[in-house]
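Below: one structure, written as structure tokens.
The values are calculated or read from the model by the stated rules, or taken from the named source; none is laboratory data. These numbers come from a predicted model, not from an experiment. Using ideal geometry, Cβ is built from the backbone for each residue, glycine included, and neighbour counts are taken over all protein chains shown.
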Amino acid sequence: MPVLKADMVETLVKTGASCRADAKVAPRFRCGERIVVRNINPLHHTRLPRYVRGKRGTVERDRGVFVFPDTNAHGQGHKAQHVYSVRFTGRELWGPQASERDILYLDLWDDYMDPV
Amino acid sequence: MNGAHDLGGMHGLGSIDAEPNEPVFHEEWERRMFGLFIATFAGGHFNVDEFRHAIERMDPAHYLESPYYEHWLHSCETLLVESGAISRKELDARVAKLEKEAK
């Protein structure tokens with residue numbers, strides 16, 4: 001079993017442990033593409049907030065390939081895939097009473113989305 | 001998991017008050033909890049997603065009423081017991097001893 005050594009502490013505290021993956025994986029989406037978030041309600045761990053499920057947004061930026069939390073939390077492997085910064089309007093998320101100026105960016109994994 | 005941790009869009013929870021000159025730790029035990037996390041994480045006892053999920057598995061009422069680093073403590077305890085690194089009996093005995101000493 002690995003042991004924490006004194007010289008490891010500074011790096012771990014400053015940078016944490018990155019979940020970026022080395023795997024070469026093709027992106028399912030490109031910047032500017034319209035997406036709809038899957039309406040999924042898994043019993044397991046997920047990083048997909050409830051309020052965005054079923055909502056439509058626009059892929060703004062491809063952040064690269066990362067470990068998929070939904071499988072990694074359960075010993076089911078990295079299932080590495082692209083994560084994107086996705087742009088949602090306040091009105092899409094919260095309805096007509098939201099300000100038309102409000103915009104929310106969420107980092108979402110490939111498996112959370114479908115093309116519109 | 002649709003748990004109490006997923007608070008986005010919830011009403012009635014009060015304002016988010018930014019504390020001026022907020023210290024890194026408010027209590028000494030929080031500093032120790034941070035150290036315990038780093039040691040057990042580097043020790044390979046769990047990955048960050050397992051750690052987050054163990055927080056989500058807390059009793060929801062307890063989750064909402066407990067401070068941030070108590071969530072970390074709960075997760076560490078849960079995962080170390082589940083992996084067999086410590087036993088529930090050992091944990092309970094240690095807590096009982098600390099409670100007795102604190103009286």
Looking for something modelled with pLDDT of 95 or more, part of a loop (DSSP other than H, G, I, E, B), out of contact with any strand residue (DSSP E or B) (no Cβ under 8 Å at 6 or more places or on another chain) and closer than 30 Å to residue B:54 by Cβ - is there at least one such residue anywhere in the range A:83-105? no
Quick one: residue B:38 ticks every box in (1) of a type in the set (Val, Ile, Thr); (2) within 8 Å of chain A (Cβ to nearest Cβ); (3) assigned to a loop (DSSP other than H, G, I, E, B) bar one, so which box is it? (3)
Filtering the range A:58-82 down to residues that are in contact with a strand residue (DSSP E or B) (Cβ under 6 Å, 6 or more places away or on another chain) and among the polar types (S, T, N, Q), which residue is surrounded by the most Cβ atoms within 10 Å (Cβ to Cβ)? A:81
Working only within the range A:63-74, note down all residues that are more than 8 Å from chain B (Cβ to nearest Cβ) and either within 24 Å of residue A:91 (Cα to Cα) or β-branched (Val, Ile, Thr) (or both). A:65, A:71
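Of everything in the range A:14-37, what is buried (at least 16 other Cβ atoms within 10 Å of the Cβ), within 14 Å of chain B (Cβ to nearest Cβ) and assigned to a loop (DSSP other than H, G, I, E, B)? Give them in sequence order. Let's see the steps before the verdict.
To start, the set of residues in the range A:14-37 that are buried (at least 16 other Cβ atoms within 10 Å of the Cβ) comprises A:19, A:21, A:27-29, A:33, A:35, A:37.
Next, from what is left, pick out any that are within 14 Å of chain B (Cβ to nearest Cβ): A:19, A:21, A:37.
Hits for the range A:14-37 are A:19, A:21.
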Condition first: farther than 23 Å from residue B:5 by Cβ and of a type outside the set (S, T, N, Q). Now tell me which residues in the range B:63-90 satisfy that. B:84, B:85, B:86, B:88, B:89, B:90
